[in-house]
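Here's the structure we're looking at; comments come further down.
The values are calculated or read from the model by the stated rules, or taken from the named source; none is laboratory data. Quick caveat: nothing in here was measured; it's all calculated off a predicted structure. Don't worry about glycine lacking a Cβ; one is built from the backbone with ideal geometry, like all the others, and counts go over all protein chains shown. Ligands, DNA and RNA are excluded from the accessible area calculation, which covers all protein heavy atoms including side chains. Shrake-Rupley method; radii C 1.70, N 1.55, O 1.52, S 1.80 Å.
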Amino acid sequence: MKKHVNFYLVSGLFITAALFVKCTSNEPNDSNSGGKTKFENLIAYKNSDHEISVGYYRTWRDSATVAGNIPSMRSLPDSLDIAMVFPYETPPGNAYWNMLKTNYVPYLHKRGTKVIITLGDLKNATTTGTQDSIGYSAWAKGIHDKWVGEYNLDGVDIDIESNPRGETLIKYVAAAKALSKYFGPKSGTGKLFVYDTNQNPTNFFTQTAAYYNYTFYQAYGGSIARLNNVSALYAPYISMKKFLPGFSFYEERGYPTNYWDDVKYPQNGTGRAYDYTRWEPATGKKGGVFSYAIDRDAPLESQHDDRLLKPNFKVTNDLIKIMNP
């Protein structure tokens with residue numbers, strides 16, 4: 001289970017194999033190749049038809065957030081397609097936000113990596129304002145103006161880990177519709193709209209499925225059989241190329257109450273993360289794979305190693321190569 005997003009903050013504030021190996025390095029060679037610019041091949045790969053890699057990055061562990069932290073968004077693998085900003089314990093005045101805007105986003109965009117932010121659920125939109133089409137429209141515009149206008153982000157994610165009913169369902173659908181004016185395939189803006197859930201298709205999802213570029217399914221601690229069952233339930237509503245299963249890296253101090261063991265440590269190329277990456281739905285290829293706590297893709301020495309270590313992104317790079325050999 002992910003931590004709950006600090007919503008007030010969010011709302012207010014085919015390439016050759018040899019080329020692919022080059023793409024997965026964290027710091028591309030500055031020299032040009034065949035007259036091409038430094039990142040042209042990398043961006044061409046990301047624009048190609050491939051299974052994408054997405055990582056939820058925990059803001060509270062970034063080196064700009066608190067002195068002594070080790071990870072930096074600049075160290076994310078260059079072949080990562082989408083970096084998801086996952087805000088928690090990072091108040092509006094924290095130095096991280098200015099670093100995100102002035103440093104991280106330009107750095108990642110130069111490599112063709114999209115940066116989006118998770119908004120959490122839709123409670124903020126449905127419990128404040130005028131609770132009508134005008135109020136939802138103003139709320140959605142504020143989200144767009146903040147994260148696209150000010151931060152130049154590439155989209156938003158909503159994390160719906162419930163099955164809304166009754167009046168809540170009506171309000172959630174209205175809020176999602178308002179967001180779809182600015183994000184997702186209906187908007188015409190090119191900005192991404194992601195639906196992230198641990199649920200089977202709900203009434204909310206079936207009424208809003210057309211708004212989303214991708215559906216991320218939190219398969220933490222699950223099985224291939226479960227993926228087969230859940231993907232079959234989603235298949236009538238979306239192309240499987242929009243469906244991404246997800247796993248979680250081990251979070252420090254996660255054991256014994258909040259852990260999944262989706263990755264085996266020491267890193268040895270096994271675990272659910274690898275199983276999910278090799279899995280394909282019965283009705284077509286999946287869209288890719290996402291990870292939660294990508295900043296914990298580090299060389300832990302044991303299964304529940306709580307030390308804060310520098311990420312090496314071995315698992316992430318392994319999975320990218322498995323999906324796109």
- Determine, yes or no, whether Asp132 is charged (D, E, K, R) and at pLDDT below 95. yes
- Note on the structure: Of the residues in region 282-308, those that are surrounded by fewer than 16 Cβ atoms within 10 Å (Cβ to Cβ) and modelled with pLDDT of 95 or more come to Ala282, Lys285, Pro299, Glu301, Ser302, Gln303, His304, Asp306, Arg307, Leu308
- Message: Please count how many residues of region 224-247 are under 13 Å from Lys285 (Cβ atoms) and under 16 Å from the mean Cα position of the chain (by Cα).
- Response: 5
- Message: Given the criteria crowded, with 17+ Cβ neighbours inside 10 Å, within 18 Å of Gly288 (Cα to Cα) and charged (D, E, K, R), does Lys242 qualify?
- Response: yes
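Residues checked against (1) of a type outside the set (D, E, K, R); (2) buried (at least 19 other Cβ atoms within 10 Å of the Cβ); (3) within 27 Å of Ala138 (Cβ to Cβ); (4) in contact with a Gly (Cβ under 9 Å, 6 or more places away or on another chain):
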{"position": "Arg165", "(1), (2), (3), (4)": "no, no, yes, no"}
{"position": "Leu179", "(1), (2), (3), (4)": "yes, yes, yes, no"}
{"position": "Phe183", "(1), (2), (3), (4)": "yes, yes, yes, yes"}
{"position": "Asn198", "(1), (2), (3), (4)": "yes, no, no, no"}
{"position": "Thr202", "(1), (2), (3), (4)": "yes, no, yes, no"}
{"position": "Thr206", "(1), (2), (3), (4)": "yes, no, yes, no"}
{"position": "Ala219", "(1), (2), (3), (4)": "yes, yes, no, yes"}
- Note on the structure: Across region 146-161, the tally of residues that are on the phi > 0 side of the Ramachandran plot and open to solvent by 20 Å² or more (accessible area, probe 1.4 Å) stands at 1
- Over region 71-91, the set of residues part of a loop (DSSP other than H, G, I, E, B) and modelled with pLDDT of 95 or more is Pro71, Ser72, Leu76, Pro77, Asp78, Ser79, Leu80, Asp81, Pro87, Thr90, Pro91
- Item | Complete set of residues in region 64-121 that are in contact with an Asp or Glu (Cβ under 9 Å, 6 or more places away or on another chain), charged (D, E, K, R) and open to solvent by 50 Å² or more (accessible area, probe 1.4 Å) | Lys101, Lys114
- Task: Considering each residue of region 221-246, count those that are touching a Ser or Thr at 6+ places or on another chain (Cβ under 8 Å), under 25 Å from Phe183 (Cβ atoms) and either assigned to a helix (DSSP H, G or I) or of a type in the set (Phe, Trp, Tyr) (or both), and give that number.
- Result: 6
- Pairs only if they're at least six apart or on different chains, beta carbon under 8 angstrom, first in region 257-277 and surrounded by 14 or more Cβ atoms within 10 Å (Cβ to Cβ), second part of a loop (DSSP other than H, G, I, E, B) and basic (Lys, Arg); list them, first residue then second. Gly271/Lys264
- Message: If the requirement is being within 26 Å of Ser187 (Cα to Cα), over 17 Å from the mean Cα position of the chain (by Cα), among the hydrophobic types (A, V, I, L, M, F, W, C) and not in a strand (DSSP E or B), which of these qualifies: Trp97, Trp139?
- Response: Trp139
- Item | Residue satisfying all of: in region 37-51; among the charged types (D, E, K, R) and more than 14 Å from Leu108 (Cα to Cα); least open to solvent (accessible area, probe 1.4 Å) among these | Glu51
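Just name the residue that is farthest from Phe247 (Cα to Cα) out of those in region 266-320 that are assigned to a helix (DSSP H, G or I) and among the β-branched types (Val, Ile, Thr).
Per the criteria, the residue is Ile320.
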